[in-house]
1. For region A:195-240, what does the equivalent ellipsoid look like in terms of its semi-axes, each the square root of 5 times an eigenvalue of the Cα gyration tensor, given largest first in whole Å?
2. Got a sec? How would B:Ile98, B:Ile288 order by Cβ neighbour count within 10 Å, fewest to most?
3. At 7 Å along the Cα-to-beta-carbon direction for both B:Lys283 and A:Ala331, put a label point, then send me their distance in nm to one decimal.
4. Within 10 Å of each Cβ in peptide A:334-346, how many partner chain Cβ atoms are there on average? Round it to a whole number, please.
5. What is the distance in Å between the Cα centroid of region B:334-355 and that of region A:271-347?
6. Taking a label point 7 Å from Cα toward Cβ, how far is A:Leu351 from its twins in the other copies, in nm, shortest first?
7. Rounded, prolate or oblate for region A:162-222? Axes are the square roots of the Cα gyration tensor eigenvalues, ordered a ≥ b ≥ c, and the cut-off for rounded is a/c under 1.5.
8. Report the closest approach of any chain A C-beta to the axis of the A-to-B rotation: residue and distance, in whole angstrom.
Number of protein chains: 2
Amino acid sequence: MNKESQGAPLGIKEIAKKANVSIGTVDRVIHGRPGVSKKTKEKIDAIINESGYQPNLIARRLASKKLIRIATLTPKVPAETAYWEVLLNGIKQAESEIESYGVRVEQYFFDQNDKASFDAQAARLLDSGVDGVVLTPIFIDESTRFTEACKAINVPCVFINSDIPHVDSLCYIGHNLFQSGYLTAHLVSYLTQPNENILVLNISKELEHFHYTLRKEEGFRAYFADNGKPMNITKADIRKTDYESVSKEVSKLLAVNNDVKVIFVTNSRVSTVARYLQTLGKKTATVIGYDFLNDNVEHLKQGTIDFLICQKPQEQAHRGVLALYQYLAFATVPEAKTFMPIDIITRENYLSYRS
Amino acid sequence: MNKESQGAPLGIKEIAKKANVSIGTVDRVIHGRPGVSKKTKEKIDAIINESGYQPNLIARRLASKKLIRIATLTPKVPAETAYWEVLLNGIKQAESEIESYGVRVEQYFFDQNDKASFDAQAARLLDSGVDGVVLTPIFIDESTRFTEACKAINVPCVFINSDIPHVDSLCYIGHNLFQSGYLTAHLVSYLTQPNENILVLNISKELEHFHYTLRKEEGFRAYFADNGKPMNITKADIRKTDYESVSKEVSKLLAVNNDVKVIFVTNSRVSTVARYLQTLGKKTATVIGYDFLNDNVEHLKQGTIDFLICQKPQEQAHRGVLALYQYLAFATVPEAKTFMPIDIITRENYLSYRS
DNA sequence: TGTATTTTTGTGTACGTACACAATCATAAT
DNA sequence: ATTATGATTGTGTACGTACACAAAAATACA
């Protein structure tokens, strides 16, 4: 304990000298390799403990010829939204930054509308023997199982884009989904009177990755609950994402719920809704959605979308890969949660926003 | 160009072989050291360029016995607010994480109410010959000059807590001050009618570090300008921070501006204002301020503060030091701006907030 | 032409660890 | 006691670079 505070961090060599053994033996003890007598192992362990030995991970990385293999598991592009493309750019950027340090990034893609494809790719990935994974865990159950399988073989997982609480990932980088819903509700609370009609739309083919939207919805509802402002919130799951289906559903919903004041679309598909509303002519509801995509921004410009809540997918992916590398190479434990700022973009300030 | 894509990054040794020289000569060329004939230098340079040689910074760090010295320049504690203490914890945390890699963190402290003390410490720091600096640039002119002086001798500076736009820092980690003001105004816009009275309070002894508050104020005003909602904003600089002075000033301001709807305190001193308002009895204005400090939270609980806009000072400092280390040790260029999430804390949700 | 001097180039060791291999030791079998 | 066997420990080289020093080559001067 007092040795380490002297500034000279002692290494494997000093330990060997203290224990009157060779560095090879110390090395064996440190790595739990066999072939060391119980007595010397205990002696060395004791010295290691009391001296607070910290391995020099830079030297270790240099000496170890092992290739670090990082896998990414994300929705494939081209997809229905341009969102995932942006994210991929972040992965590529990170890859080029670390490839000269014995790191390889291997990309796996699944169909965001097909849980089975996630499982299939996840299985391939597990077989491949990579050292760590960066993934967008948009299917809760599948991702949870996958993460646990990884944990069992000591492969750390980094979540980006959406989090699964209580699942043991190395870290999460992305929105604080709950907060973003909460903040949205905060905004909405000013636009509405108690008991007015609010429409929450979850537009996604796979119900299972609604948790991405679910946490937002929870936050959204929590605000009103916290603040004792009862609202008439209608939540609708629209399971088809094409324009025809969405417009039909929205039309039905608007017919049933008259005088809707706010439409909150919980993901980036808000432009589809906006497009339909545009055809109705007179705009009566405030429209809120997610992500700085071209289509969405266009509607923002035209006034058919009022707020966009934005994150930075590229930066998320970039940071995710780098954080995993740092962890694998240098055991640098990342911040458990890195929340991207919740930027609220309006018609007035979108020009100055750099996604 | 095509060599590097073959996955085997060639090193100093391969270059030497290609050029028919020894690695020592290559080393000299790479480091621009003297003692190499023009001809061989050119030959080696050519090979380096066409092969896209990237030095292995891990090996470099191991071989270089140089100690990396990082300085921090922050307000001293104990100060009037507990804010800086939290930040220091982040510095200490980072320090303990990297001290075993040949890094020393040296702390410098200045008086946040005394620009001269900043200059004095900055001068000391410059003399000390450190390799990089993490600082809270709360005095614009002084910090700008300091950063430029650092740049001149190739010492990178990381800004935390507040940014100075257009000053060439390595990176900034902290709030997006403008956005935080903008968002606050967005909230305020719902609480007010056009042309109502808003009081913006900058409470700080040194006018010069108002840029921290100024950017917020700019964002605040920009929102109303962007959205064509003229407000009657009175901005007041209170140059003394003790309770007596603040309460006197606020009292005067409230007398002159009757029917103030919103009081926006642009830093963590909001509790001082809240304390005074409490003595007035009936609360008429919405009070908004910054930072999750005990005093502020207490007022939030009691309802004398309505919103607190929170950042994570400890995480800022932690990340700042680590980013600088990564840069100095491995030339890992950090994200230019890392914006902490703008968390809005109310009486209803403060319990679940982990600062 | 030979020596002194300077310029240029090559070599060896180190950084702290990993790992293959060699050497030593203890124990059991003969 | 001798040898074989396995358990334990020690040694050497490598990772890719930095740097001090030695060696060689080129130039200058006598």
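Since every read-out is calculated from the coordinates, none of them should be taken as a lab result. Fair warning: this is a prediction, and the values are worked out from it, not measured in the lab. Here Cβ is always computed from backbone atoms with ideal geometry, including for glycine, and neighbour counts include all displayed protein chains.
1. Values: eigenvalues 98, 31, 4 Å².
Computed over region A:195-240, the values are 22, 12, 4 Å.
2. Details: B:Ile98 21, B:Ile288 24.
Ascending Cβ contact count within 10 Å gives the list B:Ile98, B:Ile288.
3. 4.9 nm
4. On the way: counts 1, 5, 0, 3, 5, 4, 4, 12, 6, 7, 5, 0, 5.
If you average over the peptide's residues, the count of other-chain Cβ atoms is 4.
5. 18 Å
6. 4.6
7. Numbers: a/c = 3.17, a/b = 1.71, b/c = 1.85.
Since a/c reaches 1.5 but b/c is at least a/b, the shape of region A:162-222 is classed as oblate.
8. A:Tyr190, 1
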